[in-house]
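Notes follow once the structure below has been shown.
Nothing in this text is a laboratory measurement; each read-out follows from the coordinates by a stated rule. Here the structure is a predicted model, which means the values were calculated and not measured. Every residue, glycine among them, receives a Cβ derived from its backbone with ideal geometry; neighbour counts consider all protein chains shown.
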Amino acid sequence: MPRVTPHADITLHVNGIDHPLHADTRTTLLDALREHLGLTGAKKGCDHGQCGACTVLVDGRRANACLLLAVAVEGSEITTIEGLGDGEALHPLQDAFVAYDAFQCGYCTPGQICSAVGMIAEARDGWPSGVSGDLTADPVLDDDEIRERMSGNICRCGAYANIVPAIAEVAR
Ligand code: FES
Ligand code: FES
């Protein structure tokens, strides 16, 4: 007997627009964005939650889209790199990455920028990172703190020397 794969009709709210789609219920958010919605900004690096290339914002919090099932985020506000700017105007972090030449191949860059947006919001909300050893301390986004908080985003080109100051300029 042929095996039937379970499919579902779901609607993803991405960058302010509802996107209905019919997909295998095992489809990850990353594959839904890239393969179903044509939003290829979020990249597939490892597909295992280890590189951060697929980072998007889900209800304002950064998340690895390769680790989320699309059906699990129906009803959430999803923001990808394509939705960060405002029309022709780039998001300040996008501007800063350009100004600081904070990329080489650019493969990790959408994830780095989405992650930095979420990271700055986390710090402003007082989420500790543990760099200081004092989990109750108000986080100050110095370079060490930025490196720690961005440690889930890997750049195989090693552009960290420019990524950190680009983020620091916006964070401070
Ligand atoms: Fe998602 Fe690497 S592709 S963390
Ligand atoms: Fe190439 Fe980061 S710029 S992987």
Seminar exercise, completed: At q = 0.21, 0.23 Å⁻¹, the log10 of I(q)/I(0) for segment 64-172 from a Debye sum over equal Cα scatterers comes to -1.19, -1.31
For this session: Enumerate the residues in segment 22-55 having an amide nitrogen under 15 Å from the point lying 7 Å beyond the Cα of A8 toward its Cβ.
Result: 22-30, 32
For this session: Tell me, rounded to the nearest percent, the portion of alpha carbon pairs in segment 7-83 spaced more than 19 Å apart.
Result: 22 percent
Problem set entry | √(5λ) per eigenvalue of the Cα gyration tensor, segment 49-105, largest first, Å | 24, 16, 7
For this session: May I ask you to derive the FRET efficiency for I17 and R156 from their Cβ-Cβ distance with R0 = 45 Å, giving the value to the nearest 0.05?
Result: 0.90
Exercise. Can you work out D for segment 1-142 in µm² s⁻¹ from Stokes-Einstein, where Rh is the Kirkwood radius over C-alpha pairs, the temperature is 37 °C and the viscosity is 0.692 mPa s?
Worked result: 201 µm²/s
Seminar exercise, completed: Sequence order, segment 161-172: Karplus ³J(HN,Hα) from phi using 6.51 cos²θ - 1.76 cosθ + 1.60, θ = phi - 60°, Hz rounded, Gly and Pro as x, gives 4, 9, 5, 4, x, 5, 5, 4, 4, 6, 5, 8
Problem set entry | Phi to ³J(HN,Hα) by Karplus 6.51 cos²θ - 1.76 cosθ + 1.60 over segment 100-113, Hz, x for Gly, Pro | 9, 6, 8, 7, 10, 6, x, 5, 7, 4, x, x, 4, 5
Exercise. On the first, second and third principal axes, largest extent first, how far apart are the outermost C-alpha atoms of segment 88-127 in Å?
Worked result: 32, 21, 16
Seminar exercise, completed: Comparing C46, C108, C155 in a Gaussian network model of the chain (Cα, 10 Å), the one with the largest mean-square fluctuation is C46
Seminar exercise, completed: Candidates A72, A123, A96; GNM for the chain (alpha-carbon contacts under 10 Å) flags as most fluctuating A72
Seminar exercise, completed: Checking G152, G87, G60 against a Gaussian network model of the chain (alpha-carbon springs below 10 Å), the top fluctuating residue turns out to be G87
